[in-house]
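A.B. asks: The structure is given below, and queries will be raised subsequently.
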Amino acid sequence: MILGVHVSTAGKIYEAIDRAEDLGCNTMQIFSRSPQRWRDSSLEAEDIREFRRRLAKSKLEPVFIHIPYLINLASPYPKLYKASIEAYIEDIKEADALGADYIVTHMGSHKETSEEEGLKRLTSALNTIIEKTKNTHVGILLENTAGSGSWLGYTFIHQKIVLQGLKHKERVGFCLDTAHAYLAGYDISTKEGLGAMLDEIEELVGLNRIKLIHLNDARGELGSRHDRHDHIGRGSIGTEGMKRIVNNPRLRDLPFILETPKENEKSDIRNLNIVRKFRKRKPWPIRLKK
């Protein structure tokens with residue numbers, strides 16, 4: 001099973017690798033800089049080299065970097081829109097320097113405008129970003145959202161519209177957040193609901209576009225649109241729902257990253273161990289005697 005958590009980069013960014021390995025992870029997600037501030041400096045060249053050195057010695061693969069929350073590629077405000085595109089390009093180049101595999105991003109907020117206008121701005125921004133980072137290998141993963149406020153991405157129709165508008169789709173995939181899906185109205189707590197959502201994704205964009213699962217339980221009611229994560233098995237998706245997700249044959253071989261609450265230093269360990277216990281081994285093929 002490819003399983004990890006969102007890891008702190010406190011201190012030096014390369015220390016996140018040690019933290020992930022100490023938790024027994026074989027994948028991880030980080031912020032490469034503060035998620036709540038615009039970039040005020042770049043990573044030191046020596047820190048980048050040390051990150052790559054430790055990463056090469058580790059068993060962490062793939063590595064995901066989450067884009068800071070201030071970036072809004074669907075913004076109707078010209079100054080923020082331009083700054084978001086420029087920051088995104090810088091972050092992709094930095095992710096490439098670090099040797100990361102994917103950038104994960106929310107699809108942005110259209111604010112006081114329409115969803116259609118927001119999706120057009122997002123698509124245009126991504127076309128610019130992809131063109132200006134064409135010499136990098138870093139993939140871009142669009143994450144589904146709970147749909148609070150004016151956030152795009154709460155329905156997979158949004159991902160379909162964006163994908164159709166991209167000039168170059170090769171580097172673009174999706175991150176499926178389980179808590180966000182449930183809170184947006186997909187009842188993945190049931191076998192039927194999970195199957196229906198996966199069928200919808202297959203029809204609209206293709207399950208092959210999913211490169212990452214954010215494995216989070218949901219704190220809130222189905223379709224409440226409030227983005228709140230819970231510990232594995234303690235939320236509204238529940239133990240049986242989470243078991244079905246990690247063992248689903250269409251999902252089980254994908255990387256799973258936990259973004260569950262970090263109430264204390266044992267929180268990640270507890271949630272990781274629960275997921276490992278949930279995971280069933282693939283059955284050995286039965287060989288008939290001749």
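The values are calculated or read from the model by the stated rules, or taken from the named source; none is laboratory data. Just so you know, these numbers come straight off a predicted model, no measurement behind them. Note that we place each Cβ from the backbone using ideal geometry, even for glycine, and neighbour counts take in every protein chain shown.
A.B. asks: Can you name every residue in region 86-118 that is surrounded by 21 or more Cβ atoms within 10 Å (Cβ to Cβ) and over 19 Å from the mean Cα position of the chain (by Cα)?
C.D. replies: Within region 86-118, 110, 118 qualify.
A.B. asks: Further question: Working only within region 220-253, note down all residues that are of a type in the set (A, V, I, L, M) and buried (at least 17 other Cβ atoms within 10 Å of the Cβ).
C.D. replies: 232, 237, 242, 245, 246, 251
A.B. asks: Sticking with this one: Looking at region 131-140 only, could you name the residues that are crowded, with 20+ Cβ neighbours inside 10 Å and touching a helix residue (DSSP H, G or I) at 6+ places or on another chain (Cβ under 9 Å)?
C.D. replies: Listed by number, the residues that qualify are 133, 138, 140.
A.B. asks: Which numbered condition in (1) farther than 24 Å from residue 141 by Cα; (2) modelled with pLDDT of 95 or more; (3) among the charged types (D, E, K, R) is the only one that residue 252 fails?
C.D. replies: All conditions are met except number (1).
A.B. asks: So, residue 99, is that one more than 23 Å from residue 207 (Cα to Cα) and modelled with pLDDT under 95 or not?
C.D. replies: no
A.B. asks: Go over the candidates 234, 276, 270 one by one and state the one that is assigned to a loop (DSSP other than H, G, I, E, B), more than 27 Å from residue 105 (Cβ to Cβ) and modelled with pLDDT of 95 or more.
C.D. replies: So the residue among 234, 276, 270 that is assigned to a loop (DSSP other than H, G, I, E, B), more than 27 Å from residue 105 (Cβ to Cβ) and modelled with pLDDT of 95 or more is 234.
Residues are listed down the side, and each one gets a yes or a no for (1) touching a residue at least 40 places away in the same chain (Cβ under 8 Å); (2) closer than 21 Å to residue 40 by Cα; (3) of a type outside the set (Val, Ile, Thr):
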{"residue": "85", "(1), (2), (3)": "yes, yes, no"}
{"residue": "88", "(1), (2), (3)": "yes, yes, yes"}
{"residue": "109", "(1), (2), (3)": "yes, no, yes"}
{"residue": "128", "(1), (2), (3)": "yes, no, no"}
{"residue": "134", "(1), (2), (3)": "no, no, yes"}
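A.B. asks: Please list, ordered by first then second residue, the pairs with beta carbon atoms under 6 Å, 6 or more apart or interchain, first in region 154-181 and over 29 Å from residue 239 (Cα atoms) and touching a residue at least 40 places away in the same chain (Cβ under 8 Å), second outside any helix (DSSP H, G or I) and of a type in the set (Gly, Ala, Ser).
C.D. replies: 171/139
A.B. asks: Given the criterion closer than 26 Å to residue 269 by Cα, in contact (Cβ under 8 Å) with a residue 12 or more places away in the chain, of a type in the set (Phe, Trp, Tyr) and surrounded by fewer than 23 Cβ atoms within 10 Å (Cβ to Cβ), identify the matching residue among 64, 31, 51.
C.D. replies: Going through 64, 31, 51 in turn, the sole match is 31.
A.B. asks: What helices (runs of 4 or more DSSP H) completely inside region 124-211 contain at least 1 residues that are over 19 Å from the mean Cα position of the chain (by Cα) and modelled with pLDDT of 95 or more?
C.D. replies: Passing ranges, in order: 156-165, 191-204.
Conditions (1) modelled with pLDDT of 95 or more; (2) not basic (Lys, Arg), marked per residue:
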residue	(1), (2)
34	no, yes
40	no, yes
57	yes, no
66	yes, yes
76	yes, yes
81	yes, yes
92	yes, yes
103	yes, yes
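A.B. asks: Further, regarding this structure: Just checking, how many residues over region 106-123 are not in a helix (DSSP H, G or I) and not polar (S, T, N, Q)?
C.D. replies: Total meeting the criteria: 6.
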